[in-house]
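Please read through the structure below; I'll follow up with questions.
The values are calculated or read from the model by the stated rules, or taken from the named source; none is laboratory data. Predicted, not measured: the structure shown is a model, and the values here were computed from it. Cβ placement follows ideal geometry from the backbone for every residue including glycine, while neighbour counts extend to all protein chains displayed.
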């Protein structure tokens with residue numbers, strides 16, 4: 001996975017790199033804050049705006065993370081045997 005760049009549009013129309021995705025962008029993409037943290041997305045709770053480019057970026061990143069997680073071999077859960085009562 002690569003580092004994602006968050007695009008912010010300023011009031012004067014210029015774009016710059018942001019600190020994280022807004023909660024509204026994550027909500028639109030169908031990802032909550034905990035899932036975002038697990039797949040390596042930064043969240044900026046101060047931001048309130050929503051940008052279509054960022055929502056698309058979050059969706060594609062979440063989908064890639066899901067396919068990678070599904071393809072990875074999972075460790076078997078340990079089984080514990082009950083001790084015989086004496």
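Has region 73-83 got any residue that is modelled with pLDDT under 85 and surrounded by 12 or more Cβ atoms within 10 Å (Cβ to Cβ)?
Scanning region 73-83, I find no residue that is modelled with pLDDT under 85 and surrounded by 12 or more Cβ atoms within 10 Å (Cβ to Cβ), so the answer is no.
Restricting attention to region 23-38, report how many residues are more than 10 Å from the chain's Cα centre (by Cα) and buried (at least 16 other Cβ atoms within 10 Å of the Cβ).
Residues meeting the conditions: 3.
Being surrounded by 10 or more Cβ atoms within 10 Å (Cβ to Cβ), in contact with a helix residue (DSSP H, G or I) (Cβ under 8 Å, 6 or more places away or on another chain), in a loop (DSSP other than H, G, I, E, B) and at pLDDT 90 or above, is that true of even one residue in region 15-22?
Yes, region 15-22 contains at least one residue that is surrounded by 10 or more Cβ atoms within 10 Å (Cβ to Cβ), in contact with a helix residue (DSSP H, G or I) (Cβ under 8 Å, 6 or more places away or on another chain), in a loop (DSSP other than H, G, I, E, B) and at pLDDT 90 or above.
Take the conditions in contact (Cβ under 8 Å) with a residue 24 or more places away in the chain and touching a strand residue (DSSP E or B) at 6+ places or on another chain (Cβ under 6 Å) and apply them to residue 40. Does it pass?
The answer is no for residue 40.
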